[in-house]
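Novice: The structure that follows is given in the form of structure tokens.
The values are calculated or read from the model by the stated rules, or taken from the named source; none is laboratory data. Worth saying up front: this structure is predicted, and the values here are computed from it rather than measured. No Cβ is skipped: glycine too gets one built from the backbone with ideal geometry, and neighbour counts run over all protein chains shown. Just so you know, the surface numbers come from the protein's heavy atoms only, side chains and all, with ligands and any DNA or RNA stripped out. Shrake-Rupley method; radii C 1.70, N 1.55, O 1.52, S 1.80 Å.
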Amino acid sequence: MRLEELRELPLPPTNVAEGAWDAARRRRRRTTVATVAVAAALVGSTAVGVGIARDGDNAPSPSPAPAPPSIAPTSPTTAPTLPTSPTSPTAPTSPTSPTAPTSPTSPTINPLPHYEALARSMSTEAATDPSNLSSDPVHRGVMAIVPTYDGGPRPWDVVDVLGDDGRWRYVDVPGLEPTHDEVGYQFYAIVPTSLRWDGTRLALPQQDHVVVVDLTTGDYQSYDVPGPNVGVVWQDASHVLVTEEGRPTGKLLDLDDGTVVLSERSANTAFLPDGSWLTWGYGGTLTSSDGTRVTAEVANATGDQRTSPLVDDAVAVGLGVIKNVDDQGNSQTGVAVVDRHSGKLLAFLPTRQPGPDSDSTYLLALNDDRVTLAVGLENGSRIVVRWDWRTGDVTPVEVVEAGMISGSPE
Amino acid sequence: MRESGRESFETWARSRQQGLVRSAYLLTGDFHRAEDLVQDALVKAAARWDTLVGGHPDAWVRTVVYRDQVSWWRRHRREVFTTPREQTVPPAGETALVLRDALLLLTPRQRAVLVLRYVEDLSLADTAHVLGLTVGSVKKHASVALARLRETAPELEELLEERS
């Protein structure tokens, strides 16, 4: 016999077709009932933010969404909040004008929060029992993660999405794989900037191609983009900046026609809805699309960092490093807020003990003065915290069993 | 989901169920798991029969089966890696069973490529589409899979000719 003759492999008769029609009808009725229940829950609920704060025509819809039922309360009145203990005096801030830039004489330097202790006070969010995205798409994705499993290997290429209905979906795109660079390091299938700002698309950097998933249908499109691609940044609704490890600039992918052209932008670039951009480059130089260049008063933490800066009209938020913070010459890594027009350091939140190790903090969102970030924990999970850089308050939001996060549970 | 579509769906589903379960069985090596996979895919197909009936329901449901199998494997692969494979000794002369067990020694993706190409008789392009791979990747997986089969089941060597 030949392989083809496996078509005649004898098997017991099956009758799986029986009842499929009726099962589909029952499933449809359950879905209808659930939809009605979600619609009722929408009344009076709060909106769930996602991604980088953007405004203008491309801003995420402000329509209310139900609070995910499995996520711990994030109300500032109930969640533990660290005391504000800046080590340097802070200029008074105006709570009535939270988005106005300030010019403090000294930056607000937060003490290092005890992230592990904060995490112990929180419930843990895990991508439990996800359904397949292709058969159960979302209205809007709130957060995408690469999950971690206790005691097991990290599945670098498994991606789960939290929908705005509070349920998890598994991104069942076949063929996803982690990208490997020339020396064998592998990279997650998503990056913090994979989820588009409106939560409807997810871009996945892959070896020699980029996959873009429509989260509202479960359909996906694969685009040929040669190279060991490790990063993606949404420039606008139909263009994605694709970056490779170790290359200072990227490639611009047009999702409408699949063309790829070289770009002068790097992964350290944030794009704004009006088409402008800002790059927080090597050595801390802030370059804007209007041609201005200023030097930030803080060094870039990781060079070509895999977490792009967060930018609004007034400030840029990036991973930064303050050097020689102790007599061993160690550096302090953390999140830095700088005036994007002058480079002046406004605030700094340490994310780990001073030392030589690299930092794997991810920047998730900037909403007015509040920065949402994910900090790695000892057990491989991540704690998502909200930092008000003007007041210094750090509020834990969620512990997520994830190696990589895009979007925000807030 | 109009009730008027029930008859055409059930006629189509009954005519396809045995072949679908056979392919799913070759993918999974587990008859009950294969039936579950196909049954779930048929329920999904029934739910959208209004749009599928005028198109290509066979291709659609096949893709669902393969995707769901990939999903299941990805979620459970840790257990798959740590659970010793049950050694089944087929009765002498049952070459198909030898071949089936040899298939189970392949990676899920290699197995899927061979089943789609040789059992489902799909073209390289169609196989690539179902699995979300490039045609080049399909060729590579097929070549490696056949080489591994020849190595693990040398008694089948004359059966394993590569297709272009």
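Novice: Provide A:D257, A:D165 ordered by accessible surface of protein heavy atoms (probe 1.4 Å), highest first. If you can, show how the numbers build up before the last one.
Specialist: Values: A:D257 95, A:D165 45 Å².
Largest to smallest exposure gives the sequence A:D257, A:D165.
Novice: Let me ask another. Tell me, in nm to one decimal, what length is gained between A:R120 and A:V261 on full extension, where the rule is 0.36 nm per residue of separation less the Cα-Cα distance?
Specialist: Working: separation 141, 0.36 × 141 = 50.76 nm, distance 4.69 nm.
Between A:R120 and A:V261, full extension yields 46.1 nm more.
Novice: A further question on this structure: Calculate, in nm to one decimal, what B:D30 and B:W60 gain on full extension: separation in residues at 0.36 nm each, minus their alpha carbon distance. Spell out each step's value before the answer.
Specialist: On the way: separation 30, 0.36 × 30 = 10.80 nm, distance 2.24 nm.
Net length gain for the segment: 8.6 nm.
Novice: Per residue of B:44-50, count partner chain C-beta atoms within 10 Å of its C-beta, then hand back the mean as an integer.
Specialist: Values: counts 8, 4, 10, 9, 2, 3, 0.
Whole-number average of other-chain Cβ neighbours for B:44-50 is 5.
Novice: Please calculate the 1.4 Å probe accessible area of A:K344, with all protein chains present, and give it to the nearest 10 Å².
Specialist: Rounded to the nearest 10, the figure is 70 Å².
Novice: At the nearest 100 Å², what buried accessible area, both sides summed, do you get for B and A when the probe is 1.4 Å? Don't skip to the end; give the middle numbers.
Specialist: Working: alone 10290 and 19600 Å², together 25240 Å².
Counting protein atoms only, the buried area is about 4700 Å².
Novice: Return the average number of partner chain Cβ atoms within 10 angstrom of each residue Cβ along peptide A:168-178. Each step should come with its number before you reach the end.
Specialist: Numbers: counts 0, 0, 4, 1, 8, 4, 14, 8, 3, 2, 0.
For peptide A:168-178, the averaged partner shielding equals 4.
Novice: Right, another one. Please give the contour-minus-distance gain from A:H180 to A:D22: 0.36 nm per residue of separation, less the Cα-Cα distance, rounded to one decimal in nm. All intermediate terms of the calculation are to be shown ahead of the outcome.
Specialist: Details: separation 158, 0.36 × 158 = 56.88 nm, distance 4.66 nm.
Taking A:H180 through A:D22 to full extension adds about 52.2 nm, to one decimal.
Novice: Another question about this same structure. Between B:T11 and B:V135, what is the FRET efficiency for a Förster distance of 35 Å, r being their Cβ-Cβ separation, to the nearest 0.05?
Specialist: Values: r = 34 Å, r/R0 = 0.98.
Result of the calculation: an efficiency of 0.55.
Novice: Counting pairs of alpha carbon atoms under 8 Å apart in space and at least six apart in sequence, what relative contact order in percent does region B:1-70 give?
Specialist: Working: 46 pairs, mean separation 25.7, N = 70.
Across region B:1-70, relative contact order equals 37 percent.
Novice: Within region A:310-326, what residues put their amide N at less than 16 Å from the label point 7 Å along the Cα-to-Cβ vector of A:D274?
Specialist: Only A:311-316 pass the distance filter.
Novice: May I pose another question? Can you send over the solvent-accessible area of A:T216, 1.4 Å probe, protein chains only, in Å² to the nearest 10?
Specialist: Result for A:T216: roughly 50 Å² accessible.
Novice: Related question: Using a 1.4 Å probe, how large is the accessible area of B:R6, given in Å² and rounded to the nearest 10?
Specialist: Accessible area of B:R6: about 60 Å².
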